[in-house]
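A short worksheet on the structure shown next.
Taken together, the values in this text are just the output of simple stated rules run on the coordinates, not laboratory data. Here the structure is a predicted model, which is why all the values come from computation and not from measurement. Cβ atoms come from the backbone with ideal geometry, glycine included; neighbour counts cover every protein chain shown.
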Amino acid sequence: MREKKPRNGLLIDYEFCTGCKACVVACAQEYGWPAGQGGMRVTEILQELPKGRGYLSFLPFPTESCVLCAGRTRKGLKTACEQHCLAAVIRHGPVQELAREMERKPRMVLWAPR
Amino acid sequence: MSESGVKRVRTTSWSAGPGCHGGCGVVATVKDGRLVKLEGDPEHPWNQGRLCSRALAMTQYVHHPDRLRTPLKRAGERGEGKWEAISWEEAYDLIEARMKAIRDEHGPESFLFTIGTGRDIYPWISLLAYTYGSPNIVFGLSGNSCYATRISACKMVQGDYMVFDAAQWFPDRYDDPRWVQPECIVIWGYNIPASCPDNLFGHWIVDLMKRGTKIVTIDPRLSWFASRSEHWLQLRPGTDAAIAMGFLHVIVNEGLYDCAFVEKWTNAAHLLRTDTGRLLRESDLRAGGATANFVAWDAVRSAPAVWDAASQAYPAGAQPLLEGTCEVALADGGRVACETVWTAFRREVDRYPLDRVAEITMVPAEQVREAARFYAKAKPAAIHWGVPIDMTPNMTPTAHALAALWCITGNLDVPGGNVLARFAFNAVAYALPGTKSVFAPSAEAEAKRIATDRYGIFKKFSLRAQTDVTLEQIFTGEPYPIKGMWMAASNLIGGLGQDPKRWVEALKKLDFVVAVDLFHTPSTQLADVVLPAASFLEKDGVRSWWVPLQTINKAMTVEGCKPDIEIGFELARRFDPGFQWESIHDLLDDILKPSGMTFGELQEKGWAFPPEGHPSAPYRRHEKGLLRPDGTPGFCTPSGRVELYSTLREEWGLEPFPIFEEPPLSPLSRPDLAAQYPLILSTGRRSPVLYHTEHRQIPWLRALDPDPIVEIHPATASEHGIGAGEWVWVENSFGKALFKAKVTLEVPTWMVMAAHGWWFPEEPGAEPSLHGAFRSNANNLLPMGYQGKDGQGAPIKHGLCRVYKATPEDVIHA
């Protein structure tokens, strides 16, 4: 029996995502998406904390159109979003490996869009 | 070339395209002459493969259907939107004839050359202006309020500019053993994720945060940094100097300063006369004494000790008194009581106890104290500042106070601190205040530069005309008439100039206007001739803005378009019979001469870092005698020391110590206006996908930031019946503009933040629309003519306004 291929995903360190949206346009360029579509969205989250404090976060979210840059990664390249992320908060790899990485640091999210 | 017809070109991004101050290494993939992809260069030490949305959208930019692709000559009235396509040769001939006629009749100074933000355009517009004979290069913001003013202020205080240290001086960056990680960075009015100003890659600070650097944020907005700061001081806009004075108050009175640096490297020990309030000079002590030499009190001999500015030394054995008073015998037989600069500086600082600072800034005293201690105790620590420092009439004293902070805490030119920034290898393409490029105006022309007679700091450091005075001179014709303007990527109407309708009137008064740009803008619509410019991918060039030294390498051409360097070169050749360069590459070789490399040789390398021991490589250059032309240790200031008391401000008749002054259009200075317009209006927050007035026509980018936004606190919005996403008018005594409300906790209840640079390329170019230039233009609410006392800075970040819901009729267009 052939061994099942490990599932790949994207590990996002949202503590340091600054909302620059390079991932969105990197994906649009890679696949020629029309404006407004693409494999990545970035959501702004403004949390209201006690004592009137606010906390601004951004969260990149791979959409239904994300193909995890299978063509690029096969060639040994990073995904378009991982390479260009200005804050270097996106990591592509096997889900199991990335999950171990999550043990080390809080404020991470692991996506397995495919 | 890996496949047929496909080439990959490694180059440096700078200017038209991403629009920013550049520096990123990129790889362009070009197939059959078309750009098919632009990516970050993983091998480049600056960005390590990373790249912003604006650069990643270059395929939509370069091949955009609206790009100008042929020179245009005005066919109807100015602003009527009627154009006739002409050839480059016709355009050059027409421009040459018209500009020469103006020069012959009115003198070359009557022609202005305007530019926008810091691009690879400034060198070529300098080449053009100076060979034509005009000294009047103009930057459109009131008070010249962007960056150059901070540079001039820094030159005044410490002789050189400086930036935070993210190991950018070394090819191996954070791994270089010479570098030390900053323990703390104070981010002073700067939202780095959205832009990379000042020749820095904004996200270097994020790299440092991941490595453990702690952040202090000074910002009225809850920025991304503010959320993640050890200390966030949410100050009232325009009161930055008061926060800085509060910091100095804590640091000086709690003894948190670096005493050795203050004694040795500042002018703290120099004596001030208590009768005149001015510095005591050797010429006061004896006939024939030098006015350039200052005096300290020698504690050993209880006598004056002359600071010899030429040798940068006191007499042997002298121990200058740092703090206290003394009485000195003068050449005229009299005696005068003196005190040290440090004593007077402490008194100035003591005028800002924290309860007063809190009253001015709206930041609780305890927060200021804790943040000041945190900064002062962190070693090393850096401060990085943004345009709010420039965008206030009190700008030079604010910069002076901040410079005093990093100097007296011993953070100047040390690893991980505020490191002096010079052009790599001293090769200067784009001259900034206080530096010289290979192009210079003649002395005769320079004497006529607008407002240098009025403003000492402009005469001494700046290379530009003062903007507000220039605009007035267009109308008054005094002291000489202004007849023409060359605008290169300078959208005066669409976002750069305050009071844009006044700028329209000004343009219409001129006899001849040339605009050079990549797309039509509200400003190009008012020109007589429009020339289609090239993006950074379509030209050769060099970049030496700090380090490294890099080449820009032509990857492709777009038919009909020409780079600014070529346009400048061709016309300069026509204007100046003695023009000295044979070709553009000759010119680039000349610029690069101090590096010992030719353009071709540097192009082979891609980038080069100045070696240790070179004046453009850190650290502690003042100790090694690397800064001053005479090779003595010290700084490039009149005294050779960091000037806590500014010799030049004394000479110019301005406050020689840093001070806070209330902004001119604030609730405190104008309670009459505040009664009608109770909210503080701030503008200019950066978008991560749009650069100033650009990119509104790039689909990928516009989709991410589609509308002009005003940020309003939920409580304020509710008070005015404004819902999220509704269109509102922002209005004050100068004008009004239409914005879409973003109801958000990012701003305090008492302030709104209106986006700048908004016009609508999709709307008609002809008047009265001018691409919708006046509908959502934040500059409608900002005046010209409120510049600082030294001509630097203007109230751009702190006006007054009210907001109210727009009617459905108002919104039809929007």
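Quick note on chain A: its Rg to Rh ratio, both from C-alpha atoms and Rh being the Kirkwood radius, is 1.01. Summarising the strand pairing of the protein assembly as shown, around 65 percent of its internal DSSP beta bridges are antiparallel.
In segment B:145-228, Rg over Rh equals 0.97, where Rg is the alpha-carbon radius of gyration and Rh the Kirkwood radius from pairwise Cα distances. Pairs spanning more than 23 Å between alpha-carbon atoms, out of A:21/B:797; B:264/B:377; B:460/B:789; B:562/B:605: A:21/B:797; B:562/B:605. Inter-part distance, segment B:769-796 to segment B:141-156, computed on C-alpha centroids, equals 17 Å. Each listed q (0.12, 0.24 Å⁻¹) maps to a log10 I(q)/I(0) for segment B:500-571, found by the Debye formula over equal Cα scatterers with no solvent: -0.45, -1.04.
State the Cα centre-to-centre distance between segment B:387-413 and segment B:698-746 in whole Å. What the calculation gives is 32 Å, centre to centre. For segment B:30-55 and segment A:25-94, what is the centre-to-centre distance using only Cα atoms, to the nearest Å? Centre-to-centre distance over Cα atoms comes out at 18 Å.
Write down, largest first, the equivalent ellipsoid semi-axes of segment B:1-138 in whole Å, where each equals the square root of 5 times an eigenvalue of the alpha-carbon gyration tensor.
36, 20, 13
Annotation: amide H of residue A:42 within the under-5 Å range of A:61, sequence separation 5 or more or interchain, hydrogens built in the peptide plane. With semi-axes defined as the square roots of five times the eigenvalues of the C-alpha gyration tensor, the equivalent ellipsoid of the protein assembly as shown measures 42, 34, 30 Å, largest first.
In deg cm²/dmol and to the nearest 500, what is the mean residue ellipticity at 222 nm of chain B if only DSSP H runs of at least 4 residues count, each as -39500 (n - 2.57), divided by the residue total?
Numbers: 27 runs with 216 residues, N = 814.
Helix contribution divided over all residues of chain B: -7000 deg cm²/dmol.
Projected over every direction and averaged, the convex hull enclosing the alpha-carbon atoms of chain B yields 34.2 nm². Within segment B:238-276, list the residues whose amide N lies under 16 Å from a label point set 7 Å along Cα→Cβ of residue B:359. Counting backbone N atoms under 16 Å from the label point, the list is B:242-243, B:246.
Computed on the Cα atoms alone, the convex hull of segment B:663-814 gives a volume of 126 cubic angstrom per residue. Of all the Cα-Cα pairs you can form in segment B:364-515, what percent are over 17 Å apart? Taking all Cα-Cα pairs of segment B:364-515, the fraction more than 17 Å apart is 75 percent.
Take every residue in peptide A:75-88, count the Cβ atoms of other chains within 10 Å of its Cβ, and give the average of those counts. Can you show the working numbers first?
Working: counts 0, 0, 2, 2, 0, 3, 0, 2, 7, 10, 5, 17, 10, 7.
Mean partner-chain Cβ count within 10 Å for A:75-88: 5.
Dipole magnitude for the protein assembly as shown: computed about the Cα centre from +1 point charges on Lys and Arg Cβ and -1 point charges on Asp and Glu Cβ, it is near 2240 debye.
Can you compute the equivalent ellipsoid semi-axes for segment B:174-305, i.e. the square root of 5 times each eigenvalue of the Cα gyration tensor, sorted largest first and rounded to whole Å?
They are 41, 19, 15 Å, listed largest first.
About its Cα centre, chain B has a charge dipole of approximately 760 debye under the convention of +1 per Lys or Arg Cβ and -1 per Asp or Glu Cβ, with nothing else charged.
The convex hull built on the alpha-carbon positions of segment B:100-165 has an orientation-averaged projected area of 5.9 nm². Counting DSSP beta bridges with both partners in chain B, what percentage is antiparallel, nearest 5? Percentage antiparallel, nearest 5: 60. When you filter the chymotrypsin sites (Phe, Trp or Tyr not before Pro) in segment B:510-607 for DSSP loop state and at most 15 other Cβ atoms inside 10 Å of their Cβ, you are left with B:579. Footprinting exposure proxy ranking of B:480, A:14, B:786, B:161, fewest other C-beta atoms within 10 angstrom first, gives B:480, A:14, B:786, B:161.
Ignoring GluC sites (Glu not before Pro) that are buried or in helix or strand per DSSP, and keeping those with at most 12 other beta carbon atoms within 10 Å, what is the longest stretch of chain A between them?
Answer - A:4-63.
Per-residue Karplus couplings for segment B:546-557, computed as 6.51 cos²θ - 1.76 cosθ + 1.60 with θ equal to phi - 60°, are listed in order as 6, 10, x, 7, 9, 10, 9, 10, 5, 9, 6, 10 Hz, Gly and Pro entered as x.
Rounded to the nearest whole Hz, the Karplus-based 3J(HN,Hα) values (6.51 cos²θ - 1.76 cosθ + 1.60, θ = phi - 60°) of segment A:20-37 follow the sequence 6, 6, 4, 4, 5, 6, 4, 5, 4, 5, 4, 10, x, 5, x, 3, x, 10, with x at glycine and proline. DSSP assigns beta bridges within segment B:626-761; of those with both partners inside it, close to 50 percent run antiparallel. Restriction of the GluC sites (Glu not before Pro) in segment B:486-587 to DSSP coil positions whose beta-carbon has at most 11 other beta-carbons within 10 angstrom yields B:559, B:582.
Taking the beta-carbon count within 10 Å as an exposure proxy, list B:379, B:740 from fewest neighbours to most.
Working: B:379 16, B:740 19.
Going from sparsest to densest Cβ surroundings: B:379, B:740.
Scaling against 2.2 N^0.38 Å puts the C-alpha radius of gyration of segment B:452-540 at 1.20. What the Cα atoms of segment B:242-314 give is an Rg and a Dmax of 14.8, 44 Å. Residues whose amide H lies under 5 Å from that of residue B:486, counting only those 5 or more places away or on a different chain, are B:112, B:113, B:114, B:514; hydrogens are built 1.01 Å from N in the peptide plane. Taking amide H as placed 1.01 Å from N in the peptide plane, the amide H of residue B:307 sits under 5 Å from that of B:294, B:295, B:296, each at least 5 places away or on another chain.
Sorted fewest first by neighbouring Cβ atoms within 10 angstrom, A:75, A:105, B:31 come out as A:75, A:105, B:31. Excluding residues fewer than 8 places away in the same chain, name every one of the lysines whose C-alpha is closer than 23 Å to that of residue B:509. Straight-distance partners of residue B:509: B:73, B:82, B:100, B:448, B:483, B:501.
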